[in-house]
Amino acid sequence: MAPVLISALEADYILRGIDDNLRADGRGRLDYREVILETGLITQANGSARCRLGEGTDVLVGVRVDIGNVDVDGAEEEVANIKAKRGRVVCNVECSPIASQQFAGRGADDINNELTQMMSRVLNGPQAGLNLEKLCIIPGKACWVVYIDALVLDYAGNIVDTMFMTTRAALFNTQIPKAIINDLGDGEVEFDLSDDVEEWERIEGWEHVPVSVTLNKIGSRHIVDATPLEELTTEAKLHVTVNRNGKICGMQKSGSGSIEHSLLGEMIQTGRSLGQSLINSLDKMLLQEENDKNEKQMRNKPVEKLGFFAAT
């Protein structure tokens, strides 16, 4: 991966602006760029969404649901009994090499793996909010496997937050075919999938899926939604994942710098507060988009998409 450098004058300019609560693009320390969000862009996926921060970071997420075997391999009996009644979530994140020079070369695999592991840790535990038991079709035999594929199309800082916002929107948009269970007697059951395209179910618990708020420590202060230059001056990052109820679902620190105890508590509280506000704003966008779609369908009007933000 090619090194990315910043001059001492640029770093000093950024630091002074943050101290004065006036960043280079006019935002305050705790201001996000404009969030542009659209769902249902990939016709062959069960759900999809695309999110862009201002004119910068751009992430596309597709969700596919397939029928798979319940995964209990290698688990102890108690754990296996629990997993036998649950579906699964499989995540994958890829950063396009054309998005940034940071994603080219050998270092790209490390970045992709780190982002994939971060998403998997959040979405595969109880803190994710998803009702994995509802994804089980026949206990011990068959379940829905939810494949979440995220692609970073453009980079202008703050990939993690954009990735989680897009994933939450894509899960909202995901439609799972209705499974019809048939009892054959003698403990034997089988299932069929409904042929009616109107019979589908939304993933239960999508509304409890958390978002991430990444706080960047620069000097003695912290900011959110950092630009690439601000990320280069960052001493340490704290990723705080928060659900709609303000519950902290996870934290991860990165960077070589340290975070003082007093500042750490302040950053956590900031992440919790901003996370709830972010979710409220995102949900309003999603519900407004769905209401507009339903209204047009009732009036037999065509539902037009922006076509990957072509109109912006």
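Tabulated data
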{"read-out": "With eigenvalues of the C-alpha gyration tensor scaled by 5 and rooted, region 111-238, Å", "value": "40, 14, 11"}
{"read-out": "Cα convex hull of the chain, projected area averaged across orientations, nm²", "value": "19.3"}
{"read-out": "Residue-normalised accessible area of region 22-74, given per residue in Å² at a 1.4 Å probe", "value": "44"}
{"read-out": "Pairwise centroid distance, computed over Cα atoms, of region 108-164 with region 55-72, Å", "value": "7"}
{"read-out": "Nearby aspartates and glutamates by direct alpha-carbon distance to residue 237 (threshold 18 angstrom, same-chain neighbours under 8 apart not counted)", "value": "19, 31, 110, 114, 161, 225, 260, 266"}
{"read-out": "For residue 137, distant residues with modelled amide H under 5 Å away", "value": "142, 143, 144"}
{"read-out": "Carbon plus sulfur fraction of accessible area for the chain, probe 1.4 Å, in percent", "value": "48"}
{"read-out": "Degrees, to the nearest 10: 8-19 long Cα axis against longest axis of the chain", "value": "70"}
{"read-out": "Acute angle (nearest 10 degrees) that the helix 261-298 long axis makes with the longest principal axis of the chain, alpha-carbon atoms", "value": "50"}
{"read-out": "Under 16 Å from residue 296, Cα to Cα: lysines that are on another chain or at least 8 residues apart", "value": "305"}
{"read-out": "Nearest 10 degrees, 0 to 90: helix 159-173 Cα axis against the chain principal axis", "value": "30"}
{"read-out": "Sequence-distant residues sharing a close amide H with residue 47 (under 5 Å, placed H)", "value": "63, 175"}
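The values are calculated or read from the model by the stated rules, or taken from the named source; none is laboratory data. Nothing here was measured: the structure is a model prediction, and the numbers come from that model. The area values use the complete protein model at the heavy-atom level, side chains included, leaving out ligands, DNA and RNA. Shrake-Rupley method; radii C 1.70, N 1.55, O 1.52, S 1.80 Å.
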